[in-house]
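Structure record follows, encoded as structure tokens.
The values are calculated or read from the model by the stated rules, or taken from the named source; none is laboratory data. Note that the coordinates shown come from a computational prediction; the quantities given were computed from them, not determined experimentally. For neighbour counting, all protein chains shown are included, and Cβ atoms are generated from backbone atoms with ideal geometry for every residue, glycine included. Areas reflect the complete protein model, heavy atoms only, side chains present, ligands, DNA and RNA absent. Shrake-Rupley method; radii C 1.70, N 1.55, O 1.52, S 1.80 Å.
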Amino acid sequence: MATASPNNASTLQPIAAPGRGWQIAWGVLLVVAGFLAVLMPAIAALATALVFAWLLIFGGACEIVYAIQTRTSHGFGWKLASGILTLLLGVAILVVPAAGIASLALLVGAFLLLGGVARTMLAWRMRPRRGWGWVLFDGLLSIVLAILIALGWPATSLAIIGLLTGFTLISTGVWRIMLAR
């Protein structure tokens, strides 16, 4: 363990990572993009759905190529079917992005509900331990958010996906800036 002395004071100084300025610039751009996404959630939701669609199309194409390359191995039909379905899902979201946004909102709601139930059950198991109330609060808050998503679905899908995208971009930008400092 290093101690603070005149001889080894340099060992306690943070090491300047190459590209630190670029990390900060990237973080600032992410924060700005996040604020823009929060201000314009419909555009952010559309962008999120389109990026997701292209990822599915690319992933499906890769799965199809893999299936064809390994067609002599076991499960060729299943590999090919999986790739085709993934590619078609991406194309469907690309063609009808509103349905993709609504589907993403529904998936987020389901994730929040299941995670909330799991954290609530965990809190009850932790109950005599210190801090169990925070776990319970987090679980119940997730359940309430899931219910709100379900009640407003599909009308609120644009806002939900757009705001979540914005908050994620802001959070990612902040940690990048803080890490680079």
Using only Cα atoms, what is the ratio of the radius of gyration of the chain to 2.2 N^0.38 Å?
1.43
Given a Förster distance of 30 angstrom, what is the FRET efficiency for Trp22 paired with Trp134, based on the Cβ-Cβ distance and rounded to 0.05?
0.25
Mind grabbing the accessible area of Met40 for me, 1.4 Å probe, Å², rounded to tens?
90
Mind putting a number on the dipole of the chain about its Cα centre? Charges go on the C-beta only, +1 for Lys and Arg and -1 for Asp and Glu, and I need it in Debye to the nearest 20.
540
Take the alpha carbon atoms of segment 78-181, find their radius of gyration, then divide it by 2.2 N^0.38 Å using N residues; give the quotient.
1.40
Please report, in debye to the nearest 20, how large the charge dipole of segment 108-181 is about its Cα centre when each Lys and Arg carries +1 at its beta carbon and each Asp and Glu carries -1 there.
400
Run the quick spin-label model on Phe167 and Leu85: label points 7 Å from Cα toward the beta carbon, then report their separation in nm to one decimal.
3.2
